[in-house]
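Asker: Quick one: structure below, then a few questions.
Values quoted throughout were computed directly from the atomic coordinates according to the rules given, and no laboratory measurement underlies them. These numbers come from a predicted model, not from an experiment. With ideal geometry, Cβ positions are generated from the backbone for all residues, glycine too; neighbour counts draw on all protein chains shown.
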Amino acid sequence: MRSIIFAALALSPIACGSRSHIVARNSALTLSPTCADAVPVYPDREHVPFDYYEVALIGAEGNSVYNGNGDLLKTIRNEAAGVGANGVVLDSLAATHATVKVLGAATGTRDAERRARAIAIWMPSDTARVREACSGK
């Protein structure tokens with residue numbers, strides 16, 4: 001019995017965390033990494049304050065029982081910072097229905113997923129803000 005509890009506790013961080021991946025990347029841009037603090041999330045293209053280049057398409061997912069939208073956005077911001085982006089434009093953010101979440105979590109299936117997609121962007125006119133946000137990090 002103890003070994004089952006220990007195994008469940010050991011695997012729980014894996015089930016609870018959100019995962020991200022680069023779906024596509026602009027090979028024409030090679031940028032130095034920034035920091036997540038310098039990567040604001042814009043709800044759509046109209047809210048981006050400067051002209052920009054698209055750096056990468058990022059996908060993230062996590063179990064919606066344990067991960068909120070903020071967890072996914074944090075994961076996306078970290079991934080975007082790693083490719084040198086200084087902003088992300090949200091493409092989609094969705095979760096499965098509440099009943100499916102509970103059933104999915106209880107049965108251990110991937111039905112209780114929360115998913116997000118965003119476009120990592122680089123705004124050349126915004127580099128001063130990025131330097132300030134990332135200084136000392």
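Asker: Counting only other residues whose beta carbon sits under 13 Å from that of residue 39, what net charge do I get with K and R as +1, D and E as -1? Mind showing how you got there, number by number?
Answerer: On the way: positive: 74, 77, 129, 137; negative: 37, 79, 126.
Combined, the nearby Lys, Arg, Asp and Glu give +1.
Asker: Order 24-37, 69-82 from most to least packed using the mean count of other Cβ atoms within 10 Å.
Answerer: On the way: 24-37: 13.3, 69-82: 20.6.
Output ranking for 24-37, 69-82: 69-82, 24-37.
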